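> Sharing a structure below in structure tokens format, with a few things to ask.
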Amino acid sequence: MDDRLEGLGDEDVVRESLRHKAAFGVLVSRYQARLDRYLRRLGVGRKEDREDLLQNVFLKVYRNLNGFDPRLRFSSWIYRIAHNETMSFFRARRVRPEPTPDDADELLERVPAALDIEADANAALDAIRIRRALDALEPKYRDILVLRYFEERAYADMSDILRMPMGTVATLLNRAKKKLKTIVAAEEAATRARRRSEPLL
Amino acid sequence: MQEFPHPLPPPDAPAEPFADKILDRIEKEHVVPAPRWIYVLPNALFWLLWIVSALAGAAAVAAAAFVLANAGWEFRVIVYDHWWRFMLDALPLIWISALVILMIAAYENMRHTSLGYRYPVWVVVGLNVLGSVVLGGVLYAAGIGERVEEGIGRRIPMHRSALSHQRVLWINPDRGLLAGRVSGMTDSGDAFLLRTYDGNAWTVSLINANARSRSVAKRFSDVRVVGVEAVISPTSTLPVFHACFIFPWVVQGMYPGTIDADRLSSDDLRDLVRSEDADALNAWPDANSPCNDIRPFDALWKLQERATP
């Protein structure tokens, strides 16, 4: 069955999953790695927590398969469930999202050009600055930046994932970018001030 | 101490594929997809609530239009001393507030439908308002505005319906205002019996009224009278009011079948006018007439020319 299903689109696999439970395994395999990365980027640092969350996400997806609206893309719908489950997880544990892992290449590749941030001579410092700035952002701004620049979602997808109009998505994204730039600039100014005050060797 | 939510597998056991783990849990925990109606029903309910909110908004617009149309705009200089007092009375604040609340409800209901969140606030609210205004206009023309304002409006605490308010304003003999139903006229046409809306009866003298006013009294069942309260003589059984100007009381946007002021056809009225002496039609009261002190006299005169065919 898996071979036949591999070639089908997500929406078709959903239909098949409602008839045959086993077909749902195809969707799990397709989205496990992507959602694991997404949860990590949202700030679920511990592997065990992510695994628990992922299981909850997929069980919720299965339970709500009849609620999937084919006018949505399945990926947007499953991302919406993953996003909401993650937010519930943070609320239930009363914790803030954990610092994003040090994926310097990814950070440097995706963020500076989009934000027009001046590159530092030291790429490692750049990555640290950006990472700190992302961690300092409010969750709603961080979430939208993660969706746009790390998950590379289109505006229409983000609208469906976050359940808000595209105009609101655009506004939120602009604000998030401005805030990130402000934090990065402040970090850069603080770094320069520290360097000036360091005694010459 | 670190949490271990999962029992540790034996060191050499291959890791179970994640997909299989999920399928196992689905099997063991008897997880089944919820039935489709659980999603269809709430969505349909939200759409229904949205329609109800929109229709109620249209009814509020119709009622507001009725209130505005019957606010007595042409009589404001006669009844009110200050324009802002008139605006305060004329503006249908209750229906505007209801419309705002209903539009918020319509937006929230729309937002909770399957894909309703995709539409910006201004589009949803704008379309709702536009739809309510258009449909409200249709409902007003069909007389529904009157039914809503008079039917529901009178049940709202501390709110007086538009027509009730006008009646209260116009039953003010001290200020020279009366309104009610013409229920009898003398053979000479010099006086008629007016049953005012507060349940009282007055003898209204037409001696000082001009021909236009007399024609209104003869032709219309509901009238507004501007004049002077007479000093009651001991022999009078009813209070007497000297009419100076009489206007038909016509309710705009009335529900079909509701009793309205009787009217002759415009042809009959033209005959009546032609039968009168043209000078007498526009005759000023004589020097001794109590109507000479009526204010604002010129405005009333012009109003009568406009209001009476």
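> Quick check: Cα centre of region B:126-188 to Cα centre of region A:180-201, how many Å?
Centre-to-centre (Cα) distance: 73 Å.
> Below 21 Å, Cα to Cα, which lysines can A:Lys140 reach? Residues fewer than 8 away in the same chain don't count.
A:Lys177, A:Lys178, A:Lys179, A:Lys181
> Also, quick follow-up: Let me confirm one metric for peptide A:58-69, namely the mean number of other chain beta-carbon atoms within 10 Å of its residues' beta-carbons.
Counting Cβ atoms of other protein chains within 10 Å of each residue's Cβ and averaging gives 5.
> For the pair B:Asp187 and B:Phe297, what calculated FRET efficiency results from E = 1/(1 + (r/R0)^6), where r is the Cβ-Cβ distance and R0 = 30 Å, to the nearest 0.05?
For B:Phe297 and B:Asp187, the calculated efficiency is 0.50.
> Partner chain Cβ atoms within 10 Å, averaged over the residues of B:18-29 - can you pull that number for me?
That average works out to 6.
> Among the lysines, which fall within straight-line cross-link reach of B:Lys302, defined as a Cα-Cα distance under 27 Å, with same-chain neighbours fewer than 8 residues apart omitted?
B:Lys218
> Also, I was wondering about something else. Just to check I understand the Karplus step: with θ = phi - 60° and J = 6.51 cos²θ - 1.76 cosθ + 1.60, what whole-Hz values come out for region A:21-35, glycine and proline as x?
The phi angles translate into 3, 4, 4, 5, x, 5, 5, 4, 5, 5, 10, 4, 5, 4, 5 Hz.
> Note down the nm distance, to one decimal, between modelled labels 7 Å out along Cα→Cβ at B:Asn288 and at A:Arg132.
Reported label-point gap for B:Asn288 and A:Arg132 is 10.4 nm.
> Going by average Cβ neighbours within 10 Å, how do the peptides B:93-102, B:290-299 rank, with the highest at the top?
Most protected by this proxy first, the peptides run B:93-102, B:290-299.
> Could you list B:Ser188, B:Ser114, B:Ser132 so that the one with the fewest beta carbons within 10 Å of its beta carbon is first and the one with the most is last?
Result, fewest neighbours first: B:Ser188, B:Ser114, B:Ser132.
> Could you compute the FRET efficiency for A:Ala185 and A:Arg71, with r as their C-beta to C-beta distance and R0 at 45 Å, rounded to 0.05?
For A:Ala185 and A:Arg71, the calculated efficiency is 0.60.
Each reported figure results from applying straightforward, stated rules to the coordinates on display, with no laboratory input. Predicted, not measured: the structure shown is a model, and the values here were computed from it. Note that we place each Cβ from the backbone using ideal geometry, even for glycine, and neighbour counts take in every protein chain shown.
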